[in-house]
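The values are calculated or read from the model by the stated rules, or taken from the named source; none is laboratory data. Note that this is a predicted model, so its numbers are computed, not measured. Every residue, glycine as well, gets a Cβ built from its backbone with ideal geometry; the counts of neighbours run over all protein chains shown. To get the accessible areas, we keep the full protein, side chains included, count just its heavy atoms, and leave off ligands, DNA and RNA. Shrake-Rupley method; radii C 1.70, N 1.55, O 1.52, S 1.80 Å.
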Amino acid sequence: MAEGLLAGVTVLDMTNVLAGPFAGYQLALMGADVIKVEVPGTGDLARQLGADPDLSRENLGVSFLAQNAGKRSVTVNLKSEAGKEVFTRLLDRADVLLENFRPGVLERLGFGRQRLHELKPGLVYCAVSGFGATGPLAQRPAYDQVIQGMSGIMSITGTPESAPLRVGFPVCDSFGGLAAAFAVASALLRQRRTGEGAYLDVSMLDAALTAMGWVVSDHLVAGREPGPMGNENVTSAPSGTFRTADGALNIAANKQEQFETLCRVLEREELRTDPRFATRDDRKRNRHALRAELEITLKSRTAQEWDEILLPTGVPAAPVVTVPQALRSAQIAHRGLVTELPLPQAGTEADEQARQDPLRVVGLPTQIDGAAVRPAGPPPLLGEHTAEVLRDLGYDDAGIARLREERAV
């Protein structure tokens with residue numbers, strides 16, 4: 001892709017940890033110039049988080065590296081008057097401001113919604129928070145696990161014996177980040193057409209509930225009380241995870257013809273005519289009996305063998321794999337989702353020599369014009385681009401030196 005879809009768009013990314021940085025990363029992958037505005041000395045908390053303690057000590061935590069490639073980092077102290085002036089100049093050049101402070105924090109720093117509108121009427125201002133900017137829960141602190149619990153996600157995850165369970169990745173942060181990125185891109189379309197800005201109030205709780213699909217709609221429309229079903233599919237059977245000779249196999253025979261084909265391939269034709277399993281509703285009512293019957297046969301072969309047998313038949317099925325196996329798959333390699341970047345170097349010369357392996361991160365999940373979309377560069381060191389951006393804002397070397405002396409940047 002020669003030029004990103006958001007080329008020419010400047011985003012001020014004031015976010016921390018995951019939901020906000022994830023949104024900013026999507027915009028950067030789409031070609032926006034994302035300037036990460038960080039607190040001098042500490043920066044994004046994610047710089048200190050992740051599975052590699054050495055990187056965390058260098059302010060390059062794995063959690064940060066995963067969501068900030070292709071961005072530029074500027075440090076600004078919004079508690080100083082000189083820092084506020086720098087930020088005002090940044091706003092003048094920006095199309096989008098993205099933040100995920102608790103509601104009211106930016107206003108206390110002197111840049112509330114009304115002030116931002118006065119400074120830049122055409123600004124797209126997107127605030128991501130756990131519960132939204134208003135309402136009885138607005139000031140409640142929130143991380144992903146809190147939202148998983150308060151959205152009902154944990155109540156339907158696991159089996160009746162093991163629930164409530166947390167989903168094994170920060171799913172609500174991801175939902176919130178995607179919702180924010182989509183809203184920003186939509187607001188930019190109007191901004192380009194009319195010059196009008198927008199205030200986007202993104203709630204992770206709202207995003208989680210809207211992403212739950214049939215779980216929510218079955219309750220709202222049909223009055224069904226959602227509950228944990230393990231690996232079973234509430235809408236159909238046999239549709240879930242089944243035991244084989246060596247591992248787990250997902251089968252989703254959701255259609256009548258798929259179920260009949262599955263019975264034929266497994267050489268269990270008697271199941272097709274069994275009155276307990278004759279229709280979709282019959283199979284749902286008797287799903288546990290059906291599972292037991294199918295696993296008698298499925299345990300005779302490995303998951304991989306059944307995958308090869310079922311693939312030509314049109315019955316949706318595949319082995320359950322680990323995350324490393326998924327990342328190593330031929331399909332992911334073909335799509336170019338994982339890309340290699342140089343690892344930013346902030347440590348000693350010995351540290352740099354010890355780390356010769358490149359940084360591997362995921363890019364955009366959407367190909368554009370037939371091409372994979374990868375970050376334009378590695379994640380930034382804390383404040384790596386401060387001087388560069390300040391010069392773009394009109395500061396000379398002496399002015400930049402004064403700002404540093406005053407600890408404004």
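Summary of values
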read-out: Mean accessible surface per residue for the range 53-168, computed with a 1.4 Å probe while every protein chain stays in place, in Å²; value: 46 Å²
read-out: Neighbourhood net charge (15 Å Cβ-Cβ; Lys/Arg +1, Asp/Glu -1) for residue 141; value: 0
read-out: Virtual spin-label span in nm between residue 114 and residue 234, 7 Å along Cα→Cβ; value: 4.4 nm
read-out: Hydrodynamic radius by Kirkwood, which averages 1/r over all alpha carbon pairs of the range 100-231, in angstrom; value: 16.4 Å
read-out: Extreme residue, positive dipole direction of the range 157-270, given options 205, 220, 258 (C-beta unit charges); value: 205
read-out: Inter-label distance, nm, simple model (7 Å from Cα along the C-beta direction), residue 49/residue 218; value: 3.1 nm
read-out: Charge dipole of the range 8-108 about the Cα centre (unit charges at C-beta), most positive-ward option of 41, 69, 30; value: 41
read-out: Residues with amide H under 5 Å from that of residue 320, placed H, sequence gap 5 or more; value: 248, 249, 250
read-out: Fraction of the pair-distance distribution of the range 198-270 above 15 Å, Cα-Cα pairs, percent; value: 70 percent
read-out: Estimated distance in nm for a label pair at residue 335 and residue 145, the labels positioned 7 Å out from Cα along Cα-to-Cβ; value: 2.9 nm
read-out: Dipole magnitude of the range 78-186, debye to nearest 20 (Cβ charges: Lys/Arg +1, Asp/Glu -1, about Cα centre); value: 260 debye
read-out: Rg over Rh, two decimals, the range 246-336 (C-alpha only, Kirkwood Rh); value: 1.03
read-out: Helix runs (DSSP H) in the chain reaching 20 Å along axis by Cα, Kyte-Doolittle at least -1.0; value: 171-194
read-out: 20 Å cut-off, amide nitrogen to a point 7 angstrom out along residue 318 Cα→Cβ, residues in the range 258-283; value: 258-259, 262
read-out: Max mean-square fluctuation residue, GNM over the chain, Cα-Cα springs under 10 Å, options 263, 126, 172; value: 263
read-out: Quotient of C-alpha Rg and 2.2 N^0.38 Å, computed over the range 39-167; value: 1.31
read-out: Ordering of 34-42, 297-305, 14-22 by packing [mean C-beta count within 10 Å, highest first]; value: 14-22, 34-42, 297-305
read-out: Relative contact order (%) - the range 54-138, alpha-carbon pairs under 8 angstrom, separation at least six; value: 24 percent
read-out: Heavy-atom SASA rank of 107, 161 (probe 1.4 Å, accessible area, largest first); value: 161, 107
read-out: Environment charge of residue 362, counting only residues whose C-beta is closer than 12 Å and scoring Lys/Arg +1, Asp/Glu -1; value: +2
read-out: Ordering of 194-206, 373-385 by burial proxy (mean other Cβ atoms within 10 Å per residue, highest first); value: 373-385, 194-206
read-out: Contact order normalised by residue count of the chain, Cα under 8 Å, 6+ apart, percent; value: 19 percent
read-out: Principal axis box of the chain, alpha-carbon based, largest edge first, Å; value: 85, 52, 40
read-out: Under 13 Å, Cβ to Cβ, from residue 261 - net charge with Lys/Arg +1 and Asp/Glu -1; value: 0
read-out: Quarter of the Cα convex hull surface for the range 1-84, i.e. its orientation-mean projected area (nm²); value: 6.1 nm²
read-out: Average silhouette area of the range 293-409, convex hull of alpha-carbon atoms, in square nanometres; value: 14.3 nm²
read-out: Most to least packed among 313-319, 177-183 [average Cβ atoms within 10 Å]; value: 177-183, 313-319
